[in-house]
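What follows is a short report on a single structure.
The values are calculated or read from the model by the stated rules, or taken from the named source; none is laboratory data. Bear in mind that the values here come from a model prediction, so they are computed numbers and not experimental data. Ideal geometry is used to build each Cβ from the backbone, glycine not excepted, and the neighbour counts take in all protein chains shown. In case anyone asks, the SASA skips ligands and DNA or RNA and just uses the protein heavy atoms, side chains included. Shrake-Rupley method; radii C 1.70, N 1.55, O 1.52, S 1.80 Å.
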Amino acid sequence: MQVSAAIKEWVVERNMQKGDRLPSEAEMMTRFGMAKGTIREAMRILEAQGLIETRTGPGGGSFVGEVTADRAKALLANYFYFNELSVADIYQLRRVLEPELAASLAGKLNEDQLDALEKVVAQYPEPAQTAEEERDQHVASLTFHRTLANFSDNALLAFVVSFMGRVLSDLTVYRQLYDPPNPELYRKGLAYQTELIAALREGRAEDARQIMAAHMQTAEALMQVQEARVLRKFFAE
């Protein structure tokens, strides 16, 4: 693990970019003073993390890779899968970050971006009639927040907010928090998102902040009720 960290540090110090070729295995052995097996294991670790790409054939070798946001979120989600996150855990962060995200984007989104948000909302024009429809609507409504986050110029804020949406979406599905359908969650969520788009379009930053804050507070309360229902159902069975 120390060798893989040393190689990564070496790449960063040289400001190497995606696609840049790394030294050969023999050169790595000399540079880091390690045996072939140790260098190969370090490279396998870095490749599994997405930091290194290995190509075979003519012109092959090891190259600097790129960890995409989706890959990073997937790996991080696997970590939290075993940490028994609750709805309250997730919303503790959402209540802090998402109102600020909304305020920071008010008046700064172009028509294509606003249209993208409206298209997400258009996916759930009517309340769900079945648990399956509720699941799909809930996932789509969280896509709204992930889409909004991706419009931020702050890469860290965008990543964290988008990741929280992914975790809550996964949590909803594997804990079946969509069953039974929750018409109040649907109605209030749709209203908040519609009002938010209007505030974003008109550049009303403080209104956008307050709308999102109210949205988060209401959603958390209703999701906790849903979580409690599922737990009662589980224990009853």
Task: Index of the failed condition, Glu134 passing every other in (1) in a helix (DSSP H, G or I); (2) in contact with a helix residue (DSSP H, G or I) (Cβ under 7 Å, 6 or more places away or on another chain); (3) crowded, with 18+ Cβ neighbours inside 10 Å - done: (2)
Task: Any pair with Cβ under 7 angstrom, 6 or more apart, that starts in the stretch 45-60 at a residue that is farther than 13 Å from Arg71 by Cβ and ends at one that is of a type in the set (Phe, Trp, Tyr) - done: Arg55/Phe63
Task: Residues (crowded, with 18+ Cβ neighbours inside 10 Å and not in a helix (DSSP H, G or I)) located in the stretch 169-195 - done: Leu177, Tyr178, Pro181, Asn182
TODO: Output the residue which, of all residues in the stretch 88-114 that are among the polar types (S, T, N, Q) and more than 15 Å from Phe144 (Cβ to Cβ), is least open to solvent (accessible area, probe 1.4 Å).
DONE: Ser104
Open item on the list: Regarding the stretch 115-124, can at least one residue be identified that is crowded, with 20+ Cβ neighbours inside 10 Å, at pLDDT 90 or above and touching a Gly at 6+ places or on another chain (Cβ under 6 Å)?
Closed with: no
Task: Which listed residue, of Ala198, Ala155, Ala208, is surrounded by 20 or more Cβ atoms within 10 Å (Cβ to Cβ) and among the aliphatic types (A, V, I, L, M) - done: Ala208
